[in-house]
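The values are calculated or read from the model by the stated rules, or taken from the named source; none is laboratory data. Please read these numbers as outputs of a predicted model, since none were measured by experiment. Using ideal geometry, Cβ is built from the backbone for each residue, glycine included, and neighbour counts are taken over all protein chains shown. What goes into the accessible areas is simple: the full protein's heavy atoms, side chains included, and nothing from ligands, DNA or RNA. Shrake-Rupley method; radii C 1.70, N 1.55, O 1.52, S 1.80 Å.
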Amino acid sequence: MNLFIDTISSPANITLFDWNRDIKDSIKWDIKWNESSTLIPQIDSLLKNNDLDYSSIENIVVVNWPGSFTGIRTTILAVNSINYIINKNISCLSYFELYKNYPIIKASSKRDHFVQFNKNSKIEIIPNKELLLLLKEKSIEKAYGEANKDLFEDIEILENIDYISIIKDIKFQNLKQIEALYIKKPNIS
């Protein structure tokens with residue numbers, strides 16, 4: 001059995017899938033600011049509900065950026081700890097790999113958003129006012145991802161992630177440990 005973990009998106013999602021890439025079960029919940037107290041219990045519950053234990057996991061796939069500094073660190077710590085015990089394989093995806101269409105927008109803070117305009121463009125952090133102007137200049141009426149909807153009143157933000165197709169396309173990386181990836185420096189005050 002394989003375990004897919006996405007704590008970056010809202011709602012968070014953990015999914016069990018088999019070697020045929022068929023989804024066996026999943027849990028979605030509001031994780032915001034609660035990664036440390038809810039992630040492991042949710043994984044425990046998913047495994048228990050499917051009569052599995054951690055040794056049943058062959059691969060862990062985790063979305064490891066971009067997101068909150070503490071949330072990413074907590075998720076990576078949990079995944080690395082689980083893998084230290086079961087000694088299987090880890091694979092990573094970015095939030096931007098969860099969507100097939102562009103542009104992709106992900107709220108970074110109240111002041112700015114992560115943006116990728118097309119598959120070959122780099123991921124940028126753009127202040128909200130600049131981003132609104134860019135989207136208008138490019139005549140973009142819809143985007144994919146998560147954004148401050150009050151800010152983007154004239155743009156349709158499509159949030160639905162097709163986890164079935166993502167799981168079908170996963171390329172296992174066979175990593176033994178992963179590191180948190182960041183686009184911008186942590187904002188620790």
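The table that follows gives values for the structure above.
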{"quantity": "Residue tally, condition in a strand (DSSP E or B) and basic (Lys, Arg), over the range 142-152", "calculated": "1"}
{"quantity": "For residue 177: the one exception among (1) open to solvent by 30 Å² or more (accessible area, probe 1.4 Å); (2) outside any loop (DSSP other than H, G, I, E, B)", "calculated": "(2)"}
{"quantity": "Sole residue being open to solvent by less than 30 Å² (accessible area, probe 1.4 Å), under 27 Å from residue 43 (Cα atoms) and among the hydroxyl-bearing types (Ser, Thr, Tyr), chosen from 81, 94", "calculated": "94"}
{"quantity": "Residue check, residue 18 at pLDDT 95 or above, out of contact with any helix residue (DSSP H, G or I) (no Cβ under 7 Å at 6 or more places or on another chain) and not aliphatic (A, V, I, L, M)", "calculated": "yes"}
{"quantity": "Residue 139 part of a loop (DSSP other than H, G, I, E, B) and of a type in the set (Gly, Ala, Ser)", "calculated": "yes"}
{"quantity": "Selection count where residues are free of Cβ contacts under 8 Å to residues at least 24 places away in the same chain and more than 18 Å from the chain's Cα centre (by Cα), scope the range 20-36", "calculated": "2"}
{"quantity": "Answer residue from the range 125-146, given it is in contact with a helix residue (DSSP H, G or I) (Cβ under 9 Å, 6 or more places away or on another chain) and more than 28 Å from residue 25 (Cα to Cα) and is surrounded by the fewest Cβ atoms within 10 Å (Cβ to Cβ) among those", "calculated": "141"}
{"quantity": "Options 104, 60, 85, 72; residue that is in contact (Cβ under 8 Å) with a residue 24 or more places away in the chain, more than 26 Å from residue 158 (Cα to Cα) and within 18 Å of the chain's Cα centre (by Cα)", "calculated": "60"}
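Residue by residue, here is whether (1) aromatic (Phe, Trp, Tyr); (2) crowded, with 20+ Cβ neighbours inside 10 Å holds:
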residue	(1), (2)
6	no, yes
14	no, yes
23	no, no
33	yes, no
37	no, no
43	no, yes
49	no, no
53	no, no
56	no, no
